[in-house]
Every structure is written in structure tokens, then in C-alpha cells.
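Novice: My structure is below; once you've seen it, I'll send some questions.
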Amino acid sequence: MQYILLIYENEEVYGPGKSGPAMQEIVGKHMAFSRELGPVRVGGAGLKSTASATTVRTTNGKQTIHDGAFAETKEQLGGFYLIDVPDLDTAIAVAKKLPVFKDGSIEIRPVLGPG
Amino acid sequence: MNSAALDRVFRDASGRIVAALASRFRHIDLAEDSFADACEKAVEVWQRDGVPNDPAAWLYRTAFRCAIDALRRHRTEARYASHVQPENGNDDSIDDEILIPDERLRLVFICCHPAVAIEARAALTLRLICGLTAREIARAFIIPEATLAQRLIRAKRKIAEAGIPFEVPGPDAWPERLDAVLSTVEVAYSKAHEDAAGSGPYAGFAAEMLELTRVLAELLNNEPEALALSAIIRFAEARRPARVDSQGMMIPISEQDPARWNHALIEEASHYLKRAIELHSDQPRVIQACIHATWCSRQDLTNPAPWHAILTLYDALLEVRDDAIVRLNRAVALAEVSGVNEALDELNSLATGLKEFPPFYAVRADLLRRAGKIEEAISAYDIALALVPTSAERRWLEKKKTDMMLNK
């Protein structure tokens, strides 16, 4: 089955524009983690900070464009992995090992389709 | 066989058969539906041809065939059938012990998976493992049947869609997953236990918890915590007949007449506890079970209450599980051994963690009363009374408060 692992962290820990020293450190960890995952990792990416986000909203057929991320929360979507594993337990085990700088949440969602 | 006897046969067979089918077809709904179909057929066939020698084996074979038929009908789900062989399904000489693989443990771990909504876990376990109907479970949890049915549907959909595996967890995840199973049972049982009179909506529910923990202890007979939990629930249930007086008022454990306890249940509990201690004597639930066992070993009210032994056990428990509830219970024993003032000091340090917990105020009121701090005791009694919903506990608090006012 394919799962997406959505990484939510308070992006402030990575400094303005995600350019602080913490960023260097976490990128290194993600690279090592990706190597460790090998073929389990189908895809993934880190995201620029929510300051760079733009949202297109459709309401009653009318579309508007907004500055910023979809929702204002304490933790923001900062990156994702797409993985291919046999079941949820394996996906949970991968999510537990996924590097976060300090506190954070990993949301695990199965991908639609025959899997 | 009358319909009540038939229901009994169906219920007794249901856990093992549904678990075996669910595990075989990796599909809980298909397992439940096929078992229901088999029961329907049984009513008709057994009436005509008589009840087979081994009804469970008959039900399993029939349900298995119903499942295969259903899969053939739903060609879109044919992929489930691809790895299923109808092996030995037609050999009537095999008895059910061999014929029906015992997959209940797998199913328990699925029902209590941390990814399943916490409020659905106990209900799903009681439904699938103990064969309770949605109506019975809804009554036990005092929620509308439609709400309960929705929860079950949502939980089963989550299990199917999220890809929760039909496996017993591996060693890495074992402690966390076992704890999720045991906590599910504890939470469900605490609902049955909090009503001392046992006349409330949870009264019949305790019997189901005895059955569920019996099955768990059988399936997990090398897990001290699972055995200890089975023991705890039996010790607690054994005391139920003595927990209220003839006026419907709660009687605290130290004042209960041991002659009114259920000694057969105490014996069963001791048996589970003995095995748990042999395996691992200092796990939290094992120590909790020892606390229950110490109370239940009291012969009659003329014996002194075993407060020293209880306090020692709470000290040991604190080493492995340091939380506010353990400290509160320990404070009750501390008051008896070291005096009320020491216990009150301990309680003051717990106040923030137990703000909404009625027993905290009940204990506090009792200690303040004994320390002669009447005004403070009155306000603690009033807070406890405002928080306690069940009648036997209310009556006891009201009496304690009234007695105190009269003696002022």
C-alpha cells in the first residue's frame, strides 16, 4: 500500500525563511533517512515556509486567491514522504523514525487507488 | 432447541468463527455477514434435521461457504478470494477445535489498534470477540444504538481503508499494543465498576467484562499484565455484593463484611494472580492485583484492616507507576498508618492534577473531617456531591456530611 507521511512542525524552529542552522541539520538527517528507506520511499519533498504559500479558494463556484497557507495552526505542513509498505503498522514504524527537529506530528494517510 | 438455547450456541461460537473468517478473508464485514447467514441457515436446517454433534463446526463450515459464495457474487472483490482455498471445509469428521483456527488474538489487537478511535475499541471488541449485539453494547455504554452502530461502522471502515494488518504485533510494538488492549478493557470495566450498587445501567455489563478478560487471559497466558487485569476485575466483582448496605448506601472496602464477598470469584482471581506473579511480580497491574488480593484475604471484620500491607504495596506501585490516582489511593492508606495530617499534606500536592475527580474531594473531605477542620470539610463534601452521579456514593457522602454536622 502507498501512504503519504505529512510532516507538521512549528516552522519557526528553522528560522526566518527556513534558513537557520536547524535547517542544515534537519536536511542532513532527511537525506540519511531517505537513503535508509531505499525503495520504500516512492517520493517526497521538503516545503518552503508558509510565508511563501498561496491559496486558491473556491466558494460557490467563485475562486479567490489568498496569501498564506490553508489553515493557521501551531504546526505547519513542512514536507512529505510517499512510501510503499505492506500495511499501516509498517507505515507507523517508518513515521516513528522520521526525523523532526524538536516537536512535531506525522500524519499518515493511505493513498487512494488499488494501492 | 428453543430460541434462547440457539442464541447461546451462536454467541458462544461467534468469537472464534468471526475471528477465523476475518483473518482468513482479511475482511471483518464479510466475516460477520457470513456468520449471520450461517446462523440463519442453522435455525432452518437444525429444526428439520436436528442439531449436529458439533454445532460450532457446522456453523464454521456453512459460514465459510457463505463467504466464498459472497465473494463469487461480488466479482469486484475477487482479489480477496484469490488466496483462499476451501480446504477441509467439507470434511465433516474434523472437530471444531482443529477445524476453526483460533484467530481471536489477532482480532483483539485489530479492534484495540491505537489507530482505531478510542471510543470504538471496547465496543468493537465486545461485538466481535464476545458476540454482543449492538443493542446490548449501546445499553451498556448508555449511548443510542444508532450512535453505537455508526461508531462500529466507522471503525471497521478505518481498519479496512487504513491498511491495519491482520497480524499480532511484532516484538518492537508489543508493549505499546498490549497496553492499548489492556487499557481498553480497563476503561470499559471502570464504567461497570463505578456504580457500586450495580443496579444502574452497567449492572449486566460486568459479566461481559469477566468473559472478555477470561478470553484475554487464555489468549495471553504468558503476559503478567493481562493475567493481572483478569484477576483485578474478578477481585473487584467479588466484592460487589458487599459494596452497598440495605439502604443502598456505599460501604467503603475497609468496612465491607468479607462473608458477603463472592469467594468463588476470589479463588479464580487468585489463580490468575498466582500465575502473573510467577511471570513478573513487579509490573504495575500485578501490584494492583496484589492490593486487591490483600483486601480479599481478610476473613472477617474483627480482623484489623490490612492498612500496613496496603501502604507497602502502594509504595511499590509508586516505583513503577507514579501518577495522581495512585498517590490518592496511597494517601488513604497513609492516613491510617501515619495519620491524617501527613495524608492531607500529600493530597495538597495532588490538587491540580485531580480537579474534576470526585474521589479526590471525597477523600479530602474525609481527612479534613477527621482532622477537625469542619468548615473546609463541608466545602469538600459539597464539591464531591456536585460531581458524583451515582446514587450509592452520593448517599454515603451525604451521610458522612450529616453525621459530621450533628457532631459539630
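The values are calculated or read from the model by the stated rules, or taken from the named source; none is laboratory data. Everything quoted here is computed from the prediction, not taken from an experiment. All Cβ positions, even for glycine, are placed from backbone atoms using ideal geometry, and neighbour counts span all protein chains on display. Heavy atoms of the whole protein, side chains included, go into the accessibility calculation; ligands, DNA and RNA do not. Shrake-Rupley method; radii C 1.70, N 1.55, O 1.52, S 1.80 Å.
Novice: Which one is surrounded by the most Cβ atoms within 10 Å (Cβ to Cβ), of the residues in region B:357-401 that are outside any helix (DSSP H, G or I) and on the phi < 0 side of the Ramachandran plot?
Specialist: Step one: filter region B:357-401 for residues outside any helix (DSSP H, G or I), giving B:357, B:371-373, B:388-390.
Now drop any that are not on the phi < 0 side of the Ramachandran plot, which leaves B:357, B:371, B:373, B:388-390.
Working: B:Phe357: 16, B:Ala371: 16, B:Lys373: 15, B:Val388: 21, B:Pro389: 10, B:Thr390: 16.
Checked region B:357-401; the qualifying residue surrounded by the most Cβ atoms within 10 Å (Cβ to Cβ) is B:Val388.
Novice: Would you check if there is a residue in region B:193-204 being crowded, with 19+ Cβ neighbours inside 10 Å, at pLDDT below 85, of a type outside the set (S, T, N, Q) and closer than 19 Å to B:Ala120 by Cβ?
Specialist: Yes; the residues of region B:193-204 include at least one that is crowded, with 19+ Cβ neighbours inside 10 Å, at pLDDT below 85, of a type outside the set (S, T, N, Q) and closer than 19 Å to B:Ala120 by Cβ.
Novice: Please determine, by comparing only the residues of region B:151-192 that are β-branched (Val, Ile, Thr) and in a helix (DSSP H, G or I), which one is nearest to the other protein chains (Cβ to nearest Cβ).
Specialist: Among those residues, the one meeting the criterion is B:Ile159.
Novice: Looking at (1) open to solvent by 10 Å² or more (accessible area, probe 1.4 Å); (2) at pLDDT below 95, can you tell me which one B:Leu126 breaks?
Specialist: Status for B:Leu126: all satisfied but (1).
Novice: Give region B:42-58 a look and list any residue that's in contact (Cβ under 8 Å) with a residue 24 or more places away in the chain and surrounded by 15 or more Cβ atoms within 10 Å (Cβ to Cβ), or say none.
Specialist: B:Ala42, B:Trp46, B:Val51, B:Asp54, B:Pro55, B:Ala56, B:Ala57
Novice: Among the numbered criteria (1) within 12 Å of chain B (Cβ to nearest Cβ); (2) among the acidic types (Asp, Glu); (3) open to solvent by 50 Å² or more (accessible area, probe 1.4 Å), which one does A:Glu75 miss?
Specialist: (1)
Novice: Can you work out which of the residues in region B:137-164 that are free of Cβ contacts under 8 Å to residues at least 12 places away in the same chain and not hydrophobic (A, V, I, L, M, F, W, C) is surrounded by the most Cβ atoms within 10 Å (Cβ to Cβ)?
Specialist: B:Gly163
Novice: Let me ask another. Consider region A:1-19. How many of its residues are more than 14 Å from chain B (Cβ to nearest Cβ) and outside any strand (DSSP E or B)?
Specialist: 10
Conditions (1) closer than 30 Å to A:Thr90 by Cβ; (2) without any contact (Cβ under 8 Å) to a residue 40 or more places away in the chain; (3) of a type outside the set (A, V, I, L, M), marked per residue:
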| position | (1), (2), (3) |
| --- | --- |
| A:Gly43 | yes, yes, yes |
| A:Gly46 | yes, yes, yes |
| A:Thr55 | no, yes, yes |
| A:Thr58 | no, yes, yes |
| A:Gln63 | no, yes, yes |
| A:Ala71 | yes, yes, no |
| A:Lys74 | yes, no, yes |
| A:Leu77 | yes, no, no |
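Novice: Hey, another quick one. Among the residues of region B:103-123, how many are touching a residue at least 60 places away in the same chain (Cβ under 8 Å), open to solvent by 10 Å² or more (accessible area, probe 1.4 Å) and within 14 Å of chain A (Cβ to nearest Cβ)?
Specialist: The total comes to 2.
Novice: Within region B:330-346, which residues are surrounded by fewer than 17 Cβ atoms within 10 Å (Cβ to Cβ) and not acidic (Asp, Glu)?
Specialist: B:Val337, B:Ser338, B:Gly339, B:Asn341
Novice: Residue by residue through region B:28-63, note down the ones that are touching a helix residue (DSSP H, G or I) at 6+ places or on another chain (Cβ under 8 Å), under 17 Å from B:Gly131 (Cα atoms) and either charged (D, E, K, R) or not in a helix (DSSP H, G or I) (or both).
Specialist: Answer for region B:28-63, where residues must be touching a helix residue (DSSP H, G or I) at 6+ places or on another chain (Cβ under 8 Å), under 17 Å from B:Gly131 (Cα atoms) and either charged (D, E, K, R) or not in a helix (DSSP H, G or I) (or both): B:Asp29, B:Glu32, B:Asp33, B:Asp37.
Novice: Is it the case that A:Lys48 is within 14 Å of chain B (Cβ to nearest Cβ) and surrounded by fewer than 16 Cβ atoms within 10 Å (Cβ to Cβ)?
Specialist: No, not satisfied.
Novice: Within region A:81-93, does at least one residue satisfy the condition of being within 14 Å of another protein chain (Cβ to nearest Cβ), in a helix (DSSP H, G or I), open to solvent by 40 Å² or more (accessible area, probe 1.4 Å) and under 14 Å from A:Ile7 (Cβ atoms)?
Specialist: Among the residues of region A:81-93, not one is within 14 Å of another protein chain (Cβ to nearest Cβ), in a helix (DSSP H, G or I), open to solvent by 40 Å² or more (accessible area, probe 1.4 Å) and under 14 Å from A:Ile7 (Cβ atoms), which makes the answer no.
A quick yes/no check of all residues on (1) at pLDDT below 95; (2) under 20 Å from the mean Cα position of the chain (by Cα); (3) among the small types (Gly, Ala, Ser):
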{"site": "B:Asp245", "(1), (2), (3)": "yes, no, no"}
{"site": "B:Ala276", "(1), (2), (3)": "no, yes, yes"}
{"site": "B:Ser281", "(1), (2), (3)": "yes, no, yes"}
{"site": "B:Pro284", "(1), (2), (3)": "no, yes, no"}
{"site": "B:Trp295", "(1), (2), (3)": "no, no, no"}
{"site": "B:Trp307", "(1), (2), (3)": "no, no, no"}
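Novice: Yes or no: region B:23-33 includes at least one residue that is free of Cβ contacts under 8 Å to residues at least 60 places away in the same chain and surrounded by fewer than 20 Cβ atoms within 10 Å (Cβ to Cβ).
Specialist: yes
Novice: Out of all the residues in region B:318-335, is one or more over 27 Å from B:Arg240 (Cα atoms), touching a residue at least 12 places away in the same chain (Cβ under 8 Å) and not acidic (Asp, Glu)?
Specialist: Yes, that holds for at least one residue.
Novice: Another question, then. Of all the residues that make up region A:26-59, how many are acidic (Asp, Glu) and farther than 23 Å from A:Ile83 by Cα?
Specialist: Matching residues across region A:26-59 total 0.
Novice: Given the residues A:Val100, A:Val111, which is the only one that is within 14 Å of chain B (Cβ to nearest Cβ), open to solvent by 40 Å² or more (accessible area, probe 1.4 Å), in contact with a strand residue (DSSP E or B) (Cβ under 6 Å, 6 or more places away or on another chain) and in contact (Cβ under 8 Å) with a residue 12 or more places away in the chain? Quick ask: steps written out before the conclusion?
Specialist: Numbers: A:Val100 fails: within 14 Å of chain B (Cβ to nearest Cβ).
Every option except A:Val111 fails the conditions.
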